[in-house]
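Everything below concerns the one structure shown next.
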Amino acid sequence: MKVPKVVDLQALQHFPDVLKKPDLHKLHVELFACLPSLPNMPDLHRLREELTNSLPSMDLLPSPSTWHIIEILTRCLPERLFHGNYTDVGVLLSMKEDVVNLIAPFMLTPITRWPFFAFLGGAMFCLFSSSTCHLLACHSERLSYIMLRLDYAGIAALISTSFYPTVYYSFMCNPFFCNLYLGFITLLGIGTMLVSLLPVFEKPEYRKFRASLFFGMGFSGIAPILHKLILFWNRPEALHTTGYELLMGLFYGIGTLIYATRVPERWMPGKFDIAGHSHQLFHLFVVAGAYTHYHAGLLYLRWRDQEGC
Ligand SMILES: [Zn+2]
């Protein structure tokens, strides 16, 4: 998280005097020019009055979720907003900064975060259950069995929640496909978690079946991603996120392949019991995949915050 800039209250004491009526109009035009799809354009005239009446008591700190709105505003507002007698570049810049910090919290309710948080929650659950599993597995044979199942359930949760940001932010304007893809991956995720947790499927003859469920989950991501590319083929954001998603798929795919084929210990049994075991490599690839996907998620948030639906 980026720490938001704190508004300089001293400088703001002069804010209402600085911002004359023509400036307000100009500011409004500038804001519309750089954020055309703004859902909640603040009433700047009202804002100015509120500021004049209740300045120091107002809660002016932008919330953390507005940090990149601040960035967008800083980039798109012109350096020279006001026609006062100010010619000093430093003063003009700091005034621009104050305006940006002031307006940002009023600008818009950012796009909903829950799909991104669902993914982060899935990743945390996965890493938490993995650490618990490998920490406690040496306790006894019984506990080792239980813990190993929890380990796979965590990975199933991570893979299925990985779809949430991709699907939600790609199809937030098409609720039908959004619900269809989300429903499908949720059911598949729950199914895979059950298969991982239920003792019936623990038997060695189900090993291939378990691996193919993980594979299937990964491959089912191809449908929404292709669909996204068709819908937004001319958008750099769509191509960019797809690049990250391909890389993530590659990491998860290699990890699952290593898990299923038990490379490298199949070649030299006993030599990789401490380090280099297929299960360890599998976890490394899962972490790499999740990290890649985190970056894709940030791109989605940026894209949708700027454009809305
Ligand atoms: Zn593990």
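Of all residues in region 243-266 being among the aliphatic types (A, V, I, L, M) and touching a Phe, Trp or Tyr at 6+ places or on another chain (Cβ under 6 Å), which is farthest from the ligand (Cβ to nearest atom)? Within region 243-266, the match that is farthest from the ligand (Cβ to nearest atom) is I254. Comparison of Y294, Y252, Y300 shows that the only residue that is closer than 30 Å to S131 by Cβ, at pLDDT below 90 and either surrounded by 20 or more Cβ atoms within 10 Å (Cβ to Cβ) or in the same structural domain as A118 (by TED's automatic domain parsing) (or both) is Y252. Residues in region 267-297 that are within 19 Å of L127 (Cβ to Cβ), more than 16 Å from the ligand (Cβ to nearest atom) and either outside any helix (DSSP H, G or I) or not polar (S, T, N, Q) (or both): 6 in all.
Within region 140-174, the set of residues being in contact with an Asp or Glu (Cβ under 8 Å, 6 or more places away or on another chain) and under 13 Å from A296 (Cβ atoms) comprises T166 only. Among the residues of region 139-174, the one identified as among the aromatic types (F, W, Y), within 16 Å of the ligand (Cβ to nearest atom) and more than 17 Å from G122 (Cα to Cα) is Y145.
Among the candidates S170, S140, S196, the residue that is out of contact with any Cys (no Cβ under 7 Å at 6 or more places or on another chain), closer than 18 Å to G255 by Cβ and of a type in the set (S, T, Y) is uniquely S196.
Report whether or not L102 is under 30 Å from S196 (Cα atoms) and either charged (D, E, K, R) or modelled with pLDDT of 65 or more (or both). When the stated conditions are applied, L102 does not pass them. Kindly establish whether F125 is at pLDDT 90 or above, of a type outside the set (D, E, K, R) and away from the ligand (no atom under 16 Å from the Cβ). Judged against the criteria, F125 is not a match. Looking at T261, is it farther than 27 Å from C178 by Cα and either touching a Ser or Thr at 6+ places or on another chain (Cβ under 7 Å) or of a type in the set (S, T, Y) (or both)? So T261 fits the description; yes.
L257 meets each of the listed conditions (1) free of Cβ contacts under 8 Å to residues at least 24 places away in the same chain; (2) touching a Leu at 6+ places or on another chain (Cβ under 7 Å); (3) closer than 29 Å to L143 by Cα apart from (2). Among the residues of region 128-146, just one is buried (at least 20 other Cβ atoms within 10 Å of the Cβ) and touching a Ser or Thr at 6+ places or on another chain (Cβ under 9 Å), namely C133.
The values are calculated or read from the model by the stated rules, or taken from the named source; none is laboratory data. What you see is a predicted model, and the numbers here were worked out from it, not measured in a lab. Cβ coordinates were reconstructed from backbone atoms using ideal geometry, including for glycine residues, and neighbour counts include every protein chain displayed.
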